[in-house]
Amino acid sequence: MEILEEKKNKNKEYKPILDGIPDWPVYQLSKNRKEFIEEVSAKTIEHILKTRPSPKHLRDDLEATVYREQNRIKRNRWRVDPADERKFWSGIKSELTDLNAHPVEGKEVELLKRIITRYANEIAGNFKPSSYRFARRIITFWFRRLLNSARAKKFGAFFRSKYTLRDKIHVVGKVKLLRNLARKGTVVMVPTHFSNLDSILIGWVIHSLGLPAFIYGAGLNLFNIKIFAYFMNSLGAYKVDRRKKNLPYLETLKMYSSLAMEKGAHSLFFPGGTRSRSGMIEKNLKLGLLSTSVEAQRNLYLNNPPEQVRKIFIVPVTINYHFVLEAPELVIEHLQAKGQDRYFHEEDNYGSFPLLKFLFKFFTKGSNISVSIGRGLDVIGNYVDDEGNSKDSNGNPINTRDYFISNGQVSIDTQREAEYTRMVASRIVQEYHRINRVFASHLVAFVAFEIWLKQHPKLDLFGLLRLPEEELEIPYEEFRATFKRVRKEIYRLKSVGKINHATHLKGNTDLVIGRGIDNVGIFHLRRPVLKSKQGGIITQDLNLLYYYHNRLAGYGLEKII
Amino acid sequence: MASRKLFEKRVGVIGAGNFGTCIANILGENCQVIMHVRDKETLKTILETRMHYGQAMNANVTPTLSLEEVARECEIIFPIVPSVHFRTMMKELSPFLKPYHILIHGTKGLDLNLPKGKTIDTEATLSREVVRTMSEVIKEESVVVRVGCLAGPNLSKELAQRQPGATVVASPFNEVIQLGKRLLRNDRFNVYENPDLIGVELAGVIKNIIAIASGALSGLGYGENAKGLLVSRGAVEMVYLGRALGGNTKAFLGVAGIGDLVTTCNSPMSRNFTVGYRLAKGEKLNDILQDMEEVAEGVNTVKIAKKCADFYNVRALITQTLYRVLFENLTVPEALNYLMRYPLNVDIDFIA
């Protein structure tokens, strides 16, 4: 199989922007871990009490929390969950029951405090410079070994260092700007989320761009896997448990993120919340964590003289794959949810072994990944320049502080900030579409699926997906003509700044189609697109084809099929 | 209410047309107002006579020629200029605006943002991608994000006579709504809240179409049965068009929707009504527009709404027929004949 070449100069090495780990904000944070956790707890409690002034109100919330937690323990326990959980919650429950019979002044607040402190400790990351260095060395070393032996196809190459991850993962886009922004202010990186691999990949990208470690909200399920837990901990991850949807937990989590940003820790989270089930670029972002960046920025303006405020920069990132390991399960979950309104819950169905197997496959076979770094935005969604100054659409400077001003003063208005969060979310989605790099494989899948959709105007999506795959075939010439037409439209969209594409998309049509077919979902048992013996375009799995096709949904390309 | 405390900051009004003057006077009861006027003559007249459009100017209203002054002195500004001039005005105002400004507009029209070299007449259909409400123009042309609008049954002449009335202030920002209420409210003028900015804007815009039709029915000499029919079918059409353009059904049933619709359809004072009335009397559109003192927003709206309806395949009978009357020389009696024979008899199908 052919390795898709990218421009070489895109893959140079970067010097770290801060010399020693002790200078890193994330290190500062972990050094004062205890104080930080105390601060998070105290502020969360203060915040919750503000919105729930009466003890009755608070008691209702606590009861709901206990109920949900006990339910979770009964139904969905993970290896990583602490052993004393059951005891803790039944303790809280019995005290709450007593409280209903004999009210004690201030007791609710005390219980809330115990819960919040527990959550804050659970969430907090544990960054250690020594294990960070170790983990980094290990990752780099093994990646390199794997890559070299695989490429040279003989065992002797195991100790050569000709190939590095840099050949495998192409980082394109506004790298220099990102490095600048990380010096000038606090960066919040918000990537698209398609695969469990994303977390590790982004960690590597951050390191290879010479940036200090980011704090990072990692799904708690990943900590079930011991080896992952080790790396995650050492890379500055804090834990996000998506099973816990109760108010105290969510507020603690948001406070943790917001305070860390205020203290200048670069952060990373996946604003889609969870992996994209459909294969589409995320459209509805989770506003909860995103709102913490707006809050943090407002607090910085509120508590500091204007000239000393560190700005917060939001940097959208897209990760582009030819192949997503989890695609078959993801798309089925998506279709079930869409088709039958069925609720699906967050499951932990990835053990260490399939993941390691996948990693091995990934590094030994030629399937490249590209990571596009978008332009930085301020917390409202305005572009920023190299110096971190916000600009309006005409290039005139904007003072971000002005957005938080009412009647001449910086003020707190949560409803206003909720609206700002919505605004920045839609800007992020817009940026995702703009920096999304179209691969030949995405385009092949898109064109094939849309042609079949058009050939069956009477079928809805589910009807089409139920068609027997063996009966579908597109004559190559027809496919080629449509492919060319859509590719041309992508060029046009690129020229007006609405999309981006990999360099390999250009050039001889037959070659590009060939590459696309070779790469689309390459390691799946049933391939989404293939060529038949007669040379026509066929598929072995319509669901998967639909999944890969979705990568190009939302551009209006279906109109020209 | 003479002892009412004035709002501590000065508030701006841009546009000294009939409605702009009216709003400036209402604001003047609650705060100091700077009103932007376009030419020296008007400024002079207002300063000397303290009268404009037959309205006595409130003592708290100061006219000015400088947009910069309005932006510098006022954090809250009410732009009330015709939609055809709105974008130009925003371009002039924009350099002086900051993100802390709050703009609440009172313009009931649409704007287009077409690629270079294209005009409305070159396009057979229009998608939402090129149609802008005034709040969208504000956001497109300036850094202001805290935007709202005023809409409702607000006939300038009645407001000027201090008759009771009400308006809706719509904005996604509660802050904007509350300020709007605080500034506009008085004992004869009530203010309702709505978070659906686009919906309320569209309601105010689309009702102008039905107002023209209502004028036409009057011009033919028909009475209340016909008008009742028109208002109810017009309301349904507003919901259809409005939903296609991104508003929620609710906004169209409120003060800015049905409220404004009933008022405009019954008011010979309204400019849009007058256009329809004179068309029915057999006059030509160009002649009518030529001797109108101010813009009838509805004419342009019919054009845009019809092309949008075609793009989204929305059934908008009144709009589509009116389009033919205005631009394709269909006569009003022919149009009415066509509508009455149209084989569609479902009463309401947008509420489940």
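The table below lists the values:
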{"item": "Identity of the residue in the stretch B:167-180, outside any loop (DSSP other than H, G, I, E, B), buried (at least 17 other Cβ atoms within 10 Å of the Cβ) and touching a helix residue (DSSP H, G or I) at 6+ places or on another chain (Cβ under 7 Å), that ends up farthest from the other protein chains (Cβ to nearest Cβ)", "result": "B:T167"}
{"item": "B:V131 under 25 Å from B:T88 (Cα atoms) and within 14 Å of chain A (Cβ to nearest Cβ)", "result": "no"}
{"item": "Flag for A:S406 being within 23 Å of B:V144 (Cα to Cα) and either facing chain B (nearest Cβ under 10 Å) or hydroxyl-bearing (S, T, Y) (or both)", "result": "yes"}
{"item": "Cβ-Cβ under 9 Å pairs, at least 6 apart or on other chains, the stretch B:115-130 side under 14 Å from B:C308 (Cα atoms), far side of a type in the set (S, T, N, Q)", "result": "B:I120/B:N300; B:E129/B:N113; B:V130/B:N113"}
{"item": "Every residue from the stretch B:33-61 that is assigned to a loop (DSSP other than H, G, I, E, B) and either over 24 Å from the mean Cα position of the chain (by Cα) or more than 18 Å from B:M89 (Cβ to Cβ) (or both)", "result": "B:R50, B:Y53, B:G54, B:M57, B:N58, B:A59, B:N60"}
{"item": "Looking only at the stretch B:142-154, and only at residues there that are assigned to a loop (DSSP other than H, G, I, E, B) and either more than 16 Å from the chain's Cα centre (by Cα) or closer than 24 Å to A:D402 by Cβ (or both), the one that is nearest to the other protein chains (Cβ to nearest Cβ)", "result": "B:V143"}
{"item": "Residue within the stretch A:221-233 that is crowded, with 24+ Cβ neighbours inside 10 Å and over 23 Å from A:R137 (Cβ atoms) present", "result": "no"}
{"item": "Residue that is surrounded by the fewest Cβ atoms within 10 Å (Cβ to Cβ) [pool: residues in the stretch B:270-302 that are β-branched (V, I, T), part of a helix (DSSP H, G or I) and touching a residue at least 60 places away in the same chain (Cβ under 8 Å)]", "result": "B:V299"}
{"item": "All positions within the stretch A:409-421 that are charged (D, E, K, R) and within 8 Å of chain B (Cβ to nearest Cβ)", "result": "A:D413, A:R416, A:E419"}
{"item": "Residue in the stretch B:218-236 that is over 23 Å from B:Q163 (Cα atoms), aliphatic (A, V, I, L, M) and free of Cβ contacts under 8 Å to residues at least 12 places away in the same chain present", "result": "yes"}
{"item": "Within the stretch A:491-543, considering residues that are in contact with a Phe, Trp or Tyr (Cβ under 6 Å, 6 or more places away or on another chain) and closer than 17 Å to A:N368 by Cβ, the one surrounded by the fewest Cβ atoms within 10 Å (Cβ to Cβ)", "result": "A:F523"}
{"item": "Verdict on B:I80 being at pLDDT 95 or above, aliphatic (A, V, I, L, M) and crowded, with 18+ Cβ neighbours inside 10 Å", "result": "yes"}
{"item": "Within the stretch B:59-91, considering residues that are of a type in the set (D, E) and within 14 Å of another protein chain (Cβ to nearest Cβ), the one nearest to B:E41 (Cα to Cα)", "result": "B:E73"}
{"item": "Tally of residues being of a type outside the set (V, I, T), more than 19 Å from the chain's Cα centre (by Cα) and assigned to a helix (DSSP H, G or I) across the stretch B:303-321", "result": "7"}
{"item": "Only listed residue being over 19 Å from B:G28 (Cα atoms) and more than 14 Å from every other protein chain (Cβ to nearest Cβ), chosen from B:K139, B:K116, B:K108, B:K157", "result": "B:K108"}
{"item": "3 or more residues exposed (fewer than 14 other Cβ atoms within 10 Å of the Cβ): qualifying helices (runs of 4 or more DSSP H) within the stretch A:53-129", "result": "A:55-75, A:85-101"}
{"item": "Residues (of a type in the set (G, A, S) and either closer than 26 Å to A:A502 by Cβ or in contact with a strand residue (DSSP E or B) (Cβ under 8 Å, 6 or more places away or on another chain) (or both)) located in the stretch A:443-476", "result": "A:A445, A:A448"}
{"item": "Flag for A:E471 being under 30 Å from A:G381 (Cβ atoms), acidic (D, E) and away from chain B (no Cβ under 14 Å)", "result": "no"}
{"item": "Residue among B:V314, B:V295 that alone is under 20 Å from B:V231 (Cβ atoms) and touching a Lys or Arg at 6+ places or on another chain (Cβ under 9 Å)", "result": "B:V314"}
{"item": "Residue list for the stretch B:303-315, filter: crowded, with 20+ Cβ neighbours inside 10 Å and modelled with pLDDT under 90", "result": "none"}
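Residue-wise test of (1) crowded, with 23+ Cβ neighbours inside 10 Å; (2) part of a helix (DSSP H, G or I); (3) more than 8 Å from chain B (Cβ to nearest Cβ).
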| position | (1), (2), (3) |
| --- | --- |
| A:G395 | no, no, yes |
| A:S426 | no, yes, yes |
| A:L443 | yes, yes, yes |
| A:A448 | yes, yes, yes |
| A:L459 | no, no, yes |
| A:F462 | no, yes, yes |
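Okay, residues lined up against (1) surrounded by fewer than 21 Cβ atoms within 10 Å (Cβ to Cβ); (2) out of contact with any strand residue (DSSP E or B) (no Cβ under 7 Å at 6 or more places or on another chain); (3) not in a strand (DSSP E or B):
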| residue | (1), (2), (3) |
| --- | --- |
| B:V84 | yes, yes, yes |
| B:R87 | yes, no, yes |
| B:K98 | yes, yes, yes |
| B:I104 | no, no, no |
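The values are calculated or read from the model by the stated rules, or taken from the named source; none is laboratory data. Predicted model only: the values in this text are computed from it and were never measured. Backbone-built Cβ (ideal geometry, glycine too); neighbour counts: all protein chains shown.
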